[in-house]
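Notes for the one structure printed next.
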Amino acid sequence: MTRQPLILHLIRDDRGGQIFIGLLVATLLLVSISNLLMPADSVWHLSTYAVTLLGKYLCYALLAIALDLVWGYCGILSLGHGAFFALGGYVMGMYLMRQIGERGVYGNANLPDFMVFLNWKELPWYWFGFEHAWFAALMIVVVPGMLAFVFGWLAFRSRVTGVYLSIITQALTYALMLAFFRNEMGFGGNNGLTDFKDIIGFSLQSDSTRIGLFVASGVALLLGYLVARYIVTSKFGRVIIAIRDAESRARFVGYKVESYKLWLFVVSAGLAGIAGALYVPQVGIINPSEFQPLNSIELAIWVAVGGRGTLYGAVAGALVVNFSKTFFTGFIPEAWLYGLGAIFIIVTLFMPKGLVGLIKQRVVPVKAAGAA
Amino acid sequence: MNRLSKMSAWFRTESAAPNGFVPAGAPQDFGSHLLREGEIDTSHKVILYLEGVNVSFDGFKALNNLTLYINDGELRCIIGPNGAGKTTMMDVITGKTRPDSGQVYLGQTMDLTQMSEHEIASAGIGRKFQKPTVFPEHTVFENLELAMHTDKRVWPSLIARLSLQQRDRIDEVLNTIMLGEHRTQRAARLSHGQKQWLEIGMLLMQDPRILLVDEPIAGMTHQETERTAELLSSLAGERSVVVVEHDMEFVRSIARTVTVLHEGSVLAEGSMDEVQNNPRVIEVYLGE
């Protein structure tokens, strides 16, 4: 047997993945060059606004991979994955709030503005440590991961599956939204966290930081893809597909189904957390509306549109739906939700394997004939 | 509960080695015999005990004070009319259904009513379902790989690579079940009989001490049926095989001891001839 570097091994039989990685790297390079090196009046110049928008989409794409991992490969339709995304975002928000220091409106070096406004005298204990970048970076995966662990442990051990699981995940994100709306929680209530100044010493207003965040999102997406790809191509991946298709058979063969689901769910939540953390500095705010159930449902639609169980399909879905959203909401904003609903219906009825499945149908028969 | 049974498994392993020397993390010889999961204590010849087992669903008594012993290495056929409790009995043994009362033991020491499905499976009980259930999206080869007797916890699965011996073992089973040419085919595309065979192959890969086989020949051709009979007979001796089957001709061809279930308990037990001449069995089968 020949030994290949792991990364090549991971995408060897993954045509879609190869295309995706190629496009991603090219986009990262071209966008950076076009924004930083081209003069502002050139047609080749890409505005910082557009870069930020693209960066946002890359975060969404990573979130879609996280959902595809549990839904496409293990049949766990989580309708609360937005919660893990938002928690990662809040962790980043807390770090960014602490970076403001005395540059806030009230000039209090220790307390974020909203706490001064609420007459709080000292920092709540759960805000400790968030002034350190390394601590925040750790918490970005630990906080969503912990929630996923506790939630998953309870749900999977009780063998909650299918639509019931979807409903309680939906309830989870709704409950978190209500909780984060409360000022007493200490996360800025309704307004959330905003007015960020800089991130690890770089000003968030500068173009180069924006590009840095954009590239970081792209790299996170790439690494997230490879991690997910490693998982699904390992024996662990074959076990979770087996669980998806014949859960009780998997038990009788000797797999502890709960553990497999639980760890997959935790990893997925961690990826969603990273996506959320990279999203927040680019949009400049995190507030409880990120927890709203609708976001998580939209996320499921991205994955369904792109095609479940391929990973790159989820990326494609996230990009296509969000580009159309940006396009149509600029154009006929009232119609967007109807448009989204229509896309979902069309995909469910006519393209059960999503856009990716449609393309495969066209391409694969030719390839198979060539291979035979 | 899980931890307890794991600990007791340790104790048994230690007592199995009189010097008390059990090297921690010693390389396990996968595929041939269980080490850490604990030996099954068959010192009394019996490998599976069911004593006074009761199961009821909404007032319907599926198992009624069922008492049954399976000897180590025996091939036992279980017959009985519909609703006699055959499948429920298998559910109880494999941990899918918990009995309302009664005892179910594997060997002298393992209380199956306290173990979960996957623990029972790794302790050495393999099951073939009535309706063939394989993993449809996986290839035939992958189905066997997934069933293989090895460390099935999360982390080992994440880094598992097939060794040469493991590949050989899979090839061997592929030959036994005559699916060698279909190794890279998705299991969903197999015929019904082939799926039955694949499931039997998965059982073999699990390397169990007891095989519970529910209606193995449904949907098989005459030839396939014959081969199944041969295979099951050849497995007995080293392993115990419990077959539930409706096809009397098939049962006659393989059975040494037959147990007749009726309304959730044992109606008769003995050789095929004894059982067929038993007046109570005739009454149940032929009606009043």
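The values are calculated or read from the model by the stated rules, or taken from the named source; none is laboratory data. All values reported here derive from a predicted model rather than from experimental measurement. As a convention, Cβ positions derive from the backbone with ideal geometry for all residues, glycine included, and neighbour counts pool all protein chains shown. Just the protein is used for accessible areas: all its heavy atoms, side chains included, with ligands, DNA and RNA removed. Shrake-Rupley method; radii C 1.70, N 1.55, O 1.52, S 1.80 Å.
At 1.4 Å probe size, with every protein chain present, just tell me what the per residue accessible area of the protein assembly as shown comes to in Å².
That works out to 47 Å² for each residue.
On the accessible surface of the range B:159-209, probed at 1.4 Å, how many percent belong to carbon and sulfur atoms?
46 percent
Can you give the FRET efficiency to the nearest 0.05 for B:Phe60 and A:Met185, using r as the Cβ-Cβ distance and R₀ = 56 Å?
That gives a FRET efficiency of 0.65.
Name the shape class, rounded, prolate or oblate, that the alpha-carbon gyration tensor gives for the range A:280-346, where a ≥ b ≥ c are the square roots of its eigenvalues, rounded holds for a/c under 1.5, and otherwise prolate holds if a/b is larger than b/c and oblate otherwise.
The shape class here is oblate.
Suppose R0 equals 22 Å; then what is the FRET efficiency for B:Asp247 and A:Ser248 from their Cβ-Cβ distance, rounded to the nearest 0.05?
After rounding to 0.05, the efficiency reads 0.30.
What Kirkwood hydrodynamic radius do you get for the range B:100-228 when you take the inverse of the mean 1/r over all pairs of distinct Cα atoms, in Å?
15.7 Å
Could you pull out every residue, at least 5 positions away or on a different chain, whose amide H is within less than 5 Å of the one on B:Lys128? Hs are placed 1.01 Å off N in the peptide plane, and Pro or chain starts have none.
Under 5 Å from the amide H of B:Lys128 lie the amide H atoms of B:Leu212, B:Val213, B:Asp214, each far enough along the sequence or on another chain.
So, in the range A:6-371, how many Lys pairs have Cα atoms under 26 Å apart, if the pair is 8 or more places apart or on different chains?
Total qualifying Lys-Lys pairs in the range A:6-371 comes to 12.
Counting C-alpha atoms alone, how compact is the range A:264-308: give Rg to one decimal and Dmax as a whole number, in angstrom.
Taking only Cα atoms of the range A:264-308, I get Rg and Dmax of 11.9, 31 Å.
Can you list the GluC sites (Glu not before Pro) in the range A:215-323 that are in a DSSP coil and have 13 or fewer other beta carbons within 10 angstrom?
Counting only loop positions with at most 13 other Cβ atoms within 10 Å, none of the GluC sites (Glu not before Pro) in the range A:215-323 qualifies.
What's the Kirkwood radius of chain B in Å, using all Cα pairs?
So the Kirkwood estimate lands at 20.0 Å.
Can you send over the carbon and sulfur percentage of the accessible area for the range A:6-371, probe radius 1.4 Å, protein chains only?
69 percent
For a quick check, take a GNM of chain A with Cα springs below 10 Å and name the residue from A:Val43, A:Val227, A:Val105 with the largest mean-square fluctuation.
Of the options given, A:Val43 has the highest mean-square fluctuation.
Based on the Cα atoms of the protein assembly as shown, what semi-axes does the equivalent ellipsoid have, where each is the square root of 5 times one gyration tensor eigenvalue, given in whole Å with the largest first?
The equivalent ellipsoid of the protein assembly as shown has semi-axes of 56, 28, 23 Å.
If you stretched the chain out fully between B:Leu286 and B:Arg256, how much longer would it get, using 0.36 nm times the residue separation minus the C-alpha to C-alpha distance?
8.5 nm
Return the single residue from A:Phe344, A:Phe84, A:Phe128 with maximal mean-square fluctuation; model: Gaussian network over chain A, springs between Cα atoms under 10 Å.
A:Phe128
At 7 Å along the Cα-to-beta-carbon direction for both A:Gln361 and A:Val283, put a label point, then send me their distance in nm to one decimal.
Taking the two extended label points, one gets 3.4 nm.
May I ask you to evaluate 6.51 cos²θ - 1.76 cosθ + 1.60, the Karplus curve with θ = phi - 60°, for each residue of the range A:300-309 and list the ³J(HN,Hα) values in order in whole Hz, giving x for glycine and proline?
Values per residue, Gly and Pro as x: 4, 5, 3, 5, 5, 5, x, x, 6, x Hz.
Looking at the P(r) of the range A:53-178, how many percent of alpha-carbon pairs lie beyond 17 Å?
66 percent
Placing unit charges on C-beta atoms (Lys and Arg positive, Asp and Glu negative, everything else neutral), compute the dipole magnitude of the range B:36-163 about its Cα centre in debye, rounded to 20.
Magnitude of the dipole: close to 260 debye.
Among A:Thr329, A:Val257, A:Met115, whose Cα projects farthest towards the positive end of the dipole of chain A, with charges put on the beta-carbon of Lys, Arg (+1) and Asp, Glu (-1)?
A:Val257
Per q in 0.25 1/Å, what log10 I(q)/I(0) does a Debye calculation on the alpha-carbon atoms of the range A:130-185 return?
-1.02
If amide H atoms are built 1.01 Å from N in the plane of the peptide, which residues on other chains or at least 5 residues away come under 5 Å of the amide H of B:Leu261?
Hits under the 5 Å cutoff: B:Ile79, B:Gly80, B:Leu267.
Where in the range B:53-74 is the amide nitrogen less than 19 Å from a point lying 7 Å along the Cα-to-Cβ axis of B:Gln103?
B:53-55, B:64-72, by backbone N distance to the label point.
How much of the pair distance distribution for the range A:6-371 lies past 31 Å, counting alpha-carbon pairs only, in percent?
Tail fraction, whole percent: 37.
Of A:Gly339, A:Val239, A:Thr173, which is farthest along the charge dipole of the protein assembly as shown in the positive direction, counting Lys and Arg as +1 and Asp and Glu as -1 at C-beta?
A:Gly339
If you rank B:Phe60, B:Phe141 by how much accessible surface each has, with a 1.4 Å probe, what is the order from largest down?
Listed by decreasing accessible area, they come as B:Phe60, B:Phe141.
To the nearest 10 degrees, how steeply does helix A:162-181 sit against the main Cα axis of chain A, on a 0 to 90 scale?
Tilt relative to chain A: about 10 degrees.
Please report how far the C-alpha centroid of the range B:147-172 lies from that of the range A:147-171, rounded to the nearest whole angstrom.
Between the Cα centre of the range B:147-172 and that of the range A:147-171, the gap is 30 Å.
How far is it, in nm, from the label point at A:Ile346 to the one at A:Arg157 when both lie 7 Å from their Cα along the line to the Cβ?
Inter-label distance under the simple model: 4.6 nm.
Using all alpha carbons of the range A:191-252, what is the percent of pairwise distances in each 10 Å bin, ordered from the shortest bin to the longest?
Values per bin, smallest distances first: 19, 25, 20, 16, 17, 4.
Describe numerically, in nm with one decimal, the distance between label points set 7 Å from Cα along Cα→Cβ at A:Ala40 and at B:Ser271.
The two pseudo-label positions are separated by 10.2 nm.
Check A:Ile199: other-chain or 5+ apart residues with amide H under 5 Å from its amide H, H built from backbone geometry?
A:Leu204
Work out how far the C-alpha atoms of the range A:149-273 reach from end to end along every principal axis, then list the three figures in whole Å, largest first.
In descending order, the Cα extents are 57, 36, 19 Å.
Summed for both chains, how many Å² of accessible area, to the nearest 100, are buried between B and A with a 1.4 Å probe?
When B and A are taken together, about 2700 Å² of accessible area is lost.
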